[in-house]
Amino acid sequence: MRKTGWKKLWVTLMAGAWLFMGGDAMAAKLEIHVDAATKNLPGHVASKQLEVQIEKPEILLISNVVYEQVPSRGYSNVPMQMDILKPRTGKNLPAVVFVTGGGFINANKDNGIQLRMHLAEQGYVVGSINYRVAPTARFPEPLEDVKAAIRYLKANAEKWGIDPEHVGIVGGSAGGYLTAMAGTTSGTRSFDKGENLQVTSDVQAAVDLYGLSDLTRVGSDFSEDVQRRHRSAGATEALWVNGSAVFGGKDGGILADKEAVEAANPIHYISKNSAPMLLMHGTADSVVSPSQTDLLYQALQKKGVPSERYLVKDAQHGGIYWTQKPVLDLITRFFDQYLKKSREK
């Protein structure tokens, strides 16, 4: 083939590749004759047309992103992971860290998918994390993990399309407790340990869903039998604070070390630098006393920290009420107030 022939073939191939790879941008430039090849066929039946208004972005899922490596169970470098939901917008967006519950003994980052998707569709990069749990880990190690996840997202803001100045946190149950801890300790470096220490773990908003606030009174709204169980050495809040005697912890219930349990309560850390907080609890919660979030709410109010508390009628500890639109919209509006509107000023 002559040189000019090769040149023409190359131009043709490149033009074809450009056409197929151009995607939406190319489609907008091309003059398209819809159904041009079939409309003149005998017996042609017209198709129905659906008009679609673009109301929410496409969401990308990036799974098992390692945000830190920590010592755990005799190993020096156990990876802690997060799943990231990233809206495809081409803009830097505020971010929210989701902290799952699990009774202090589990931390499955697959949980909360409806809340996470809702937030992502509303324009947030959402990272759902796992973290170390009792009995082989104890406070403050799980809180250190949460703060490491926040720092990871800030340190890699460009990679994930995040505005690092506008980061929030949300969690339920034990995750709500860790969310409250992260929110009340914002403005301090007390629990910053590990990687990405060039950035802070401060958050600008926190949403605590049916979390614990005073670990010595988890069952205070329930029967004496339930309260007695919470005072036992086998209660998970006791393992959270004391650890397991088998793994070097202290034997006994939640009151075995009053200084340690005080240091593990978010109320202890409230200051003028604490993040604005939304607290929510179900009136039918039979696992964590509804008064737990009220204790924290009253303490936040006394210290002048912007805060709101809502009781969800008939809602239990997790479950279907927490995936309904009024709840999801309330959480979104709170984040919008502190993570979006402040960017517009």
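Checked against the criteria, S173 counts as of a type outside the set (D, E), in contact with a strand residue (DSSP E or B) (Cβ under 8 Å, 6 or more places away or on another chain) and either buried (at least 24 other Cβ atoms within 10 Å of the Cβ) or at pLDDT 95 or above (or both). If only residues of region 37-68 that are of a type in the set (V, I, T) and either surrounded by 10 or more Cβ atoms within 10 Å (Cβ to Cβ) or within 16 Å of the chain's Cα centre (by Cα) (or both) are counted, the one that is modelled with the lowest pLDDT is T38.
The set of residues in region 253-283 that are closer than 18 Å to G103 by Cα and either without any contact (Cβ under 8 Å) to a residue 12 or more places away in the chain or more than 24 Å from the chain's Cα centre (by Cα) (or both) comprises G253, I254, V261. For region 74-93, taking the residues that are of a type in the set (K, R) and surrounded by fewer than 21 Cβ atoms within 10 Å (Cβ to Cβ), the one that is farthest from L61 (Cα to Cα) is identified as K91. For region 274-304, a tally of residues being within 26 Å of S190 (Cβ to Cβ) and in contact with a strand residue (DSSP E or B) (Cβ under 7 Å, 6 or more places away or on another chain) returns 11. Of everything in region 251-282 that's part of a loop (DSSP other than H, G, I, E, B) and touching an Asp or Glu at 6+ places or on another chain (Cβ under 6 Å), which residue is surrounded by the most Cβ atoms within 10 Å (Cβ to Cβ)? Across region 251-282, the extreme among qualifying residues is I254. In region 328-345, the count of residues that are in a strand (DSSP E or B) and modelled with pLDDT of 95 or more is zero. In region 306-316, of all residues being surrounded by fewer than 20 Cβ atoms within 10 Å (Cβ to Cβ) and at negative phi, the one that is farthest from the chain's Cα centre (by Cα) corresponds to K313.
So that you can scan it fast, the table gives a plain yes or no per residue for (1) within 10 Å of the chain's Cα centre (by Cα); (2) more than 17 Å from L209 (Cα to Cα); (3) surrounded by fewer than 21 Cβ atoms within 10 Å (Cβ to Cβ):
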{"position": "N108", "(1), (2), (3)": "no, no, yes"}
{"position": "I129", "(1), (2), (3)": "yes, no, no"}
{"position": "V133", "(1), (2), (3)": "no, yes, no"}
{"position": "A137", "(1), (2), (3)": "no, yes, no"}
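Just one of the listed residues (T179, T216, T188, T200) is in contact with a Lys or Arg (Cβ under 8 Å, 6 or more places away or on another chain) and either among the hydroxyl-bearing types (S, T, Y) or farther than 19 Å from P142 by Cβ (or both), and it is T200.
The values are calculated or read from the model by the stated rules, or taken from the named source; none is laboratory data. None of the values given here were measured: they were computed from a predicted structure. Ideal geometry is used to build each Cβ from the backbone, glycine not excepted, and the neighbour counts take in all protein chains shown.
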